[in-house]
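**Student:** Sharing a structure, written as structure tokens. Questions coming.
The values are calculated or read from the model by the stated rules, or taken from the named source; none is laboratory data. Since the model is a prediction, treat every value here as computed from it, not as a measurement. Accessible surface is based on the protein model in full, side chains and every heavy atom, while ligands, DNA and RNA are left aside. Shrake-Rupley method; radii C 1.70, N 1.55, O 1.52, S 1.80 Å.
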Amino acid sequence: LIEDLEAVERDVCGLMTVPTGEVRIALPPATGHFLAPLIIEQCKSNFPMIRPLIREGTAADIHVWLSADDVDIALMYDPECGPAFEIEPFLSEPLLLIAPANDANTGKAIAYQKSYSIKDLADLPLCMPRRPHSIRVLVERLCAKHGVKPRIEYEIDGINSSKGLVERGIGVTIFGYAGLKKEIDSGRLKAIPFSSPLMNRKLCIAYPRRNDARSAILNVKTIIEQELDRLLKERFWQGAKRIHEM
């Protein structure tokens with residue numbers, strides 16, 4: 001009953017002239033850290049009657065929330081299609097080999113190749129998330145096409161744990177630049193490109209299928225698109241491109 005009342009409240013608010021009401025937003029960890037404050041600030045400045053509610057979770061979590069109509073709008077990397085929601089690809093981000101910049105014992109810089117191929121993944125000690133994480137699925141699919149078995153030494157569900165292992169020189173991982181910008185720019189981690197253009201992931205905007213989306217949701221969607229565009233122009237994602245520009 002409480003959920004039904006909250007849904008009625010959101011619908012009634014959506015009929016008002018001024019965009020108002022709660023908008024439930026789901027963000028992945030790699031994106032939420034920098035995008036959530038921007039969404040809050042823009043809503044506060046331009047639509048003070050909108051109450052953004054931010055939820056952070058994995059792609060699997062967000063998929064469940066969308067299917068259950070528990071969020072109004074979401075950002076997802078390489079989402080699986082579902083009958084309950086729409087998907088709009090926004091940008092394509094190259095994935096990079098993430099390695100320790102310096103030797104953990106000597107502190108000296110480590111020399112790497114300028115780029116790595118898919119076949120090199122048979123020899124590199126990889127720290128990778130478990131399936132159904134989109135990066136794990138992509139890596140295994142590309143390796144299978146090249147007849148390569150990736151050398152996955154450790155299964156780590158969480159980028160914070162993965163980067164800790166990488167910094168200690170225990171292994172390497174595969175991730176996008178934006179999610180590790182601080183560590184890469186500070187020289188703690190090294191980001192090395194892949195020679196294959198297929199090693200990339202797509203950031204998409206997803207939302208439940210509705211014939212009459214509230215104006216508050218549409219305004220928040222516009223805010224998200226504008227902020228993503230601005231970050232893209234500022235090269236927050238190195239080498240990333242808008243999908244329609246490809």
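**Student:** Is the shape of segment 107-179 rounded, prolate or oblate, going by the alpha carbon gyration tensor and its root eigenvalues a ≥ b ≥ c, with a/c under 1.5 for rounded and a/b larger than b/c for prolate?
**Tutor:** Details: a/c = 1.80, a/b = 1.19, b/c = 1.51.
Oblate is the answer for segment 107-179, as a/c is 1.5 or above yet b/c matches or exceeds a/b.
**Student:** Per residue of segment 62-74, in order, report the coupling 6.51 cos²θ - 1.76 cosθ + 1.60 (Karplus, θ = phi - 60°) as ³J(HN,Hα) in whole Hz, putting x for Gly and Pro.
**Tutor:** 5, 4, 5, 4, 5, 5, 8, 6, 8, 9, 9, 7, 8
**Student:** Normalised radius of gyration for segment 132-236, please: alpha carbon Rg relative to 2.2 N^0.38 Å, two decimal places.
**Tutor:** Details: Rg = 17.7 Å, N = 105, 2.2 N^0.38 = 12.9 Å.
Dividing the Cα radius of gyration by 2.2 N^0.38 Å gives 1.37.
**Student:** Order LYS190, LYS114, LYS163 by their accessible area, 1.4 angstrom probe, all chains in place, largest first. Show your work: numbers first, answer last.
**Tutor:** Values: LYS190 95, LYS114 190, LYS163 40 Å².
The ranking, largest first, comes out as LYS114, LYS190, LYS163.
**Student:** Rolling a 1.4 angstrom probe over the protein chains, ignoring ligands and nucleic acids, what is the accessible area of SER162 in square angstrom, nearest 10?
**Tutor:** Here the residue's solvent-accessible area equals roughly 10 Å².
**Student:** Here's something else I'd like to know. Provide the gained length on full extension for the span LYS108 to ARG209, in nm with one decimal, where the gain is 0.36 nm per separating residue minus the Cα-Cα distance. Provide the component values of the computation, followed by the final result.
**Tutor:** Numbers: separation 101, 0.36 × 101 = 36.36 nm, distance 5.34 nm.
That works out to 31.0 nm of additional length.
**Student:** Which percent of the accessible area of the chain is formed by carbon and sulfur heavy atoms (probe 1.4 angstrom)?
**Tutor:** Here carbon and sulfur together make up 52 percent of the probe-accessible area.
**Student:** What order do LYS241, LYS233 take when sorted by accessible area (1.4 Å probe), most exposed first?
**Tutor:** Working: LYS241 115, LYS233 170 Å².
The ordering from most to least exposed comes out as LYS233, LYS241.
**Student:** Can you give me the accessible area per residue for segment 7-157, using a 1.4 Å probe, in Å²? Please list the in-between numbers first.
**Tutor:** Numbers: 7920 Å² over 151 residues.
With the other protein chains kept in place, segment 7-157 gives 52 Å² per residue.
**Student:** Hey, what does the equivalent ellipsoid look like for segment 91-137, semi-axes from the Cα gyration tensor as sqrt of 5 times each eigenvalue, largest first, whole Å? Let's see the in-between values first.
**Tutor:** Numbers: eigenvalues 112, 37, 28 Å².
Ellipsoid semi-axes (Å, largest first): 24, 14, 12.
**Student:** Would you mind getting the Kirkwood hydrodynamic radius of segment 62-205 from its Cα pairs, rounded to one decimal in Å?
**Tutor:** On the way: mean 1/r = 0.0616 Å⁻¹.
Taking the inverse mean of 1/r over all distinct Cα pairs, segment 62-205 comes out at 16.2 Å.
**Student:** Something else: Report, by chain and number, residues whose modeled amide H sits under 5 Å from the one on THR20, excluding near sequence neighbours (fewer than 5 apart, same chain).
**Tutor:** The list, which skips near neighbours in sequence, is ALA216.
**Student:** Right, another one. On the first, second and third principal axes, largest extent first, how far apart are the outermost C-alpha atoms of the chain in Å?
**Tutor:** 62, 36, 35
**Student:** Give the long-range amide H neighbours of GLY176: residues separated by 5 or more places, or on another chain, with amide H under 5 Å away, using H modelled in the peptide plane at 1.01 Å from N.
**Tutor:** The answer is LEU96.
**Student:** Check the straight Cα-Cα distances from LYS221 and name the lysines below 17 Å, setting aside those fewer than 8 residues away within the same chain.
**Tutor:** Of all the lysines, those that pass the test against LYS221 - Cα under 17 Å, at least 8 places apart if same chain - are LYS44.
**Student:** Here is a further query. Which links in LYS119/LYS181; LYS108/LYS233; LYS190/LYS241; LYS181/LYS202; LYS145/LYS182 stretch past 24 Å when you go from one Cα to the other?
**Tutor:** Details: LYS119/LYS181 26 Å; LYS108/LYS233 34 Å; LYS190/LYS241 22 Å; LYS181/LYS202 18 Å; LYS145/LYS182 33 Å.
Among LYS119/LYS181; LYS108/LYS233; LYS190/LYS241; LYS181/LYS202; LYS145/LYS182, the Cα-Cα distance tops 24 Å for LYS119/LYS181; LYS108/LYS233; LYS145/LYS182.
**Student:** Using the Cα gyration tensor of segment 196-246, with a ≥ b ≥ c the square roots of its eigenvalues, what is the shape: rounded (a/c below 1.5), prolate (a/b larger than b/c) or oblate (neither)? Working shown, then result.
**Tutor:** Details: a/c = 3.50, a/b = 1.78, b/c = 1.96.
Oblate is the answer for segment 196-246, as a/c is 1.5 or above yet b/c matches or exceeds a/b.
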